[in-house]
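What follows is a single structure, written as structure tokens, with notes after it.
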Amino acid sequence: MTLLSRIFGPFFFGQGAENDREPLRPLWNKVVELARAPEWYAHCGVADSMTGRFDMLTLIMATVMLRMERDPALVEPSVRLSELFVEDMDGQMRQSGVGDLVVGKRMGQLMGALGGRLGALREALAQDDAALTEAARRNVTLGEGGDAGKVAARLRSLADQLDGLTAADLLAGKIVL
């Protein structure tokens with residue numbers, strides 16, 4: 001992006017940052033849908049709370065981003081996907097009444113959580129199921145009777161499926177879990 005396009009923006013130079021993210025919207029919607037899937041909560045025992053749902057959102061997001069970082073053509077789109085995450089979290093906080101003075105700090109914390117999950121999953125997915133179960137235990141709020149092993153098995157299945165998708169299918173959100 002040139003200096004002039006940053007100064008004058010989309011008025012003179014076409015689409016803005018919001019429009020750059022639109023091609024990633026199907027994938028973002030699929031990430032949210034997967035994180036809300038009842039199986040995580042009913043079958044695996046993830047806590048059906050705001051914290052548990054955020055944990056699942058960041059774990060699904062991290063799994064998708066790890067797939068994207070291995071494909072040079074998907075590195076730039078992964079940045080746009082993370083911008084959609086920020087946009088959505090910002091909107092959720094503001095809608096729940098969090099004021100402007102606090103939003104920035106909370107966004108930093110949320111991005112830190114996502115980054116932590118990226119690191120934990122990058123390491124655990126490269127290892128065995130026991131390592132992935134331990135990563136799930138540390139990074140997911142489980143309810144009574146929750147099973148980190150079941151969470152890990154579903155994450156491994158998701159990661160395997162993502163590895164088999166073409167870049168186009170991934171960007172289109174063609175993920176079934």
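The values are calculated or read from the model by the stated rules, or taken from the named source; none is laboratory data. All of these numbers come straight from a predicted model, not from anything done at the bench. Because the Cβ atoms are built from the backbone with ideal geometry, glycine has one as well, and the counts that use them run over all protein chains shown. These accessible areas exclude ligands, DNA and RNA; they are computed on the full protein's heavy atoms, side chains included. Shrake-Rupley method; radii C 1.70, N 1.55, O 1.52, S 1.80 Å.
Some points to look at:
- Residue list for the range 121-173, filter: under 12 Å from V64 (Cα atoms), open to solvent by 70 Å² or more (accessible area, probe 1.4 Å) and part of a loop (DSSP other than H, G, I, E, B): none
- Taking the criterion of being of a type in the set (A, V, I, L, M) and either modelled with pLDDT of 90 or more or outside any helix (DSSP H, G or I) (or both), the residues of the range 73-93 that qualify are A73, L74, V75, V79, L81, L84.
- Residue within the range 101-111 that is small (G, A, S) and open to solvent by less than 30 Å² (accessible area, probe 1.4 Å) present: no
- Output for the range 54-85, where each listed residue is in contact with a Lys or Arg (Cβ under 7 Å, 6 or more places away or on another chain) and open to solvent by 40 Å² or more (accessible area, probe 1.4 Å): R80, E83
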